[in-house]
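Taking it in order: structure first as structure tokens, then the write-up.
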Amino acid sequence: MPYIWSYGMGAESTAGIVRMLTDRAARPDTIAADFSNLVVVIAQTGDEWSTTGDLVQHYVLPLLRKNNVRLVEVARKGPTKKDGVAVLQDTRHPYRLHLDGVYKLSRENRVTGTMPQLGGVRKCSQKAKGAPQDAWRANEFGDRPYIHAIGFNVHEGTRVTRDSAYSMGGQRIPTYPIYEWGWSRQDCLDYLYRKLGVAWPKKLLPTLSLRWQQIRLARATRTVRRAPNRSGTAHHRRVRLSGAQPSIRPVRARQVTDYPTAP
């Protein structure tokens, strides 16, 4: 039975892939010993950080090549489902990622005036990443059953519950390796640092950066109600909490410039 891993290139899914490929004890019996049924699928939004792409090309793609693991890269062709999905590559010997995608999420957000979400039901993520992968799997496997792995961590039980109800007609069998291992995001970061010697950066699309900074600034400021004056009017003022930082401080990962080139 095909074992499909939805790879978002973040710390959790990267840790899961690296551990399964390098630690036999962590590998489920549903993955063939020669990895012939394992398929790693990436949906490119067109707005990933180049640092993330460099890290994946330097550390993950060589592992996929070494173990002859199939990698499929897909992307939306347009803003609607009828526009279809493009297959950017389908290979067992990947050397490069196509971070530009086809139809960028940031372009759609500018056109529609949409502000990306940072939580909740994550509609932007579902539309730009989930939907293209769903379409590819439906086209690739039809009515055949398959196992679908997602890298939710141990603190994402709500997402696991919501996702596990989605069966795509009964052929999708969901599994959540990171969640089942009991690993948190920090556990994944620590594992990658021990295994690869690199601090994996937080997965935050550039299209979300401005929104994130706005939220950080709002959280760093509070409305303080002062006692009423003689006229009985209460005064409110905006104050910056001590030690609060309004700007984002991204994690710096080791710069990678020596990833291999295709022969």
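Here residue 132 meets the list (1) in a loop (DSSP other than H, G, I, E, B); (2) in contact (Cβ under 8 Å) with a residue 40 or more places away in the chain; (3) more than 19 Å from residue 14 (Cβ to Cβ) almost entirely, failing just condition (1).
Within the set 72, 56, 41, the sole residue that is within 18 Å of the chain's Cα centre (by Cα) and farther than 23 Å from residue 201 by Cβ turns out to be 72. Quick check: anything in the range 52-74 among the charged types (D, E, K, R), touching an Asp or Glu at 6+ places or on another chain (Cβ under 8 Å) and under 18 Å from residue 88 (Cα atoms)? Yes, the range 52-74 has at least one match.
Please find, among 193, 179, the residue that is at pLDDT 95 or above, surrounded by 18 or more Cβ atoms within 10 Å (Cβ to Cβ) and assigned to a helix (DSSP H, G or I). Result of the check over 193, 179: 179. Of all residues in the range 77-101, those that are without any contact (Cβ under 8 Å) to a residue 24 or more places away in the chain have Cβ atoms under 7 Å from Cβ atoms of residues that are among the acidic types (Asp, Glu), 6 or more apart or on another chain, in 89/73.
Of the helices (runs of 4 or more DSSP H) lying entirely inside the range 1-102, those carrying at least 2 residues that are among the hydroxyl-bearing types (Ser, Thr, Tyr) and either at pLDDT 95 or above or under 23 Å from residue 139 (Cα atoms) (or both) are 11-22. Condition first: within 26 Å of residue 184 (Cβ to Cβ), touching a Lys or Arg at 6+ places or on another chain (Cβ under 6 Å) and crowded, with 18+ Cβ neighbours inside 10 Å. Can you find one or more residues in the range 63-79 that meet it? There is no residue in the range 63-79 that is within 26 Å of residue 184 (Cβ to Cβ), touching a Lys or Arg at 6+ places or on another chain (Cβ under 6 Å) and crowded, with 18+ Cβ neighbours inside 10 Å. Note on the range 134-168: residues that are among the hydrophobic types (A, V, I, L, M, F, W, C) and within 23 Å of residue 18 (Cα to Cα) total 6.
For the condition crowded, with 20+ Cβ neighbours inside 10 Å, of a type in the set (Gly, Ala, Ser) and in contact (Cβ under 8 Å) with a residue 60 or more places away in the chain, residue 43 qualifies. So, in the range 106-141, how many residues would count as being farther than 23 Å from residue 61 by Cβ and either modelled with pLDDT of 90 or more or not small (Gly, Ala, Ser) (or both)? So the count comes out to 22.
The values are calculated or read from the model by the stated rules, or taken from the named source; none is laboratory data. Since this is a predicted model, take the numbers as computed values, not measurements. We place every Cβ from the backbone using ideal geometry, glycine too, and count neighbours over all the protein chains shown.
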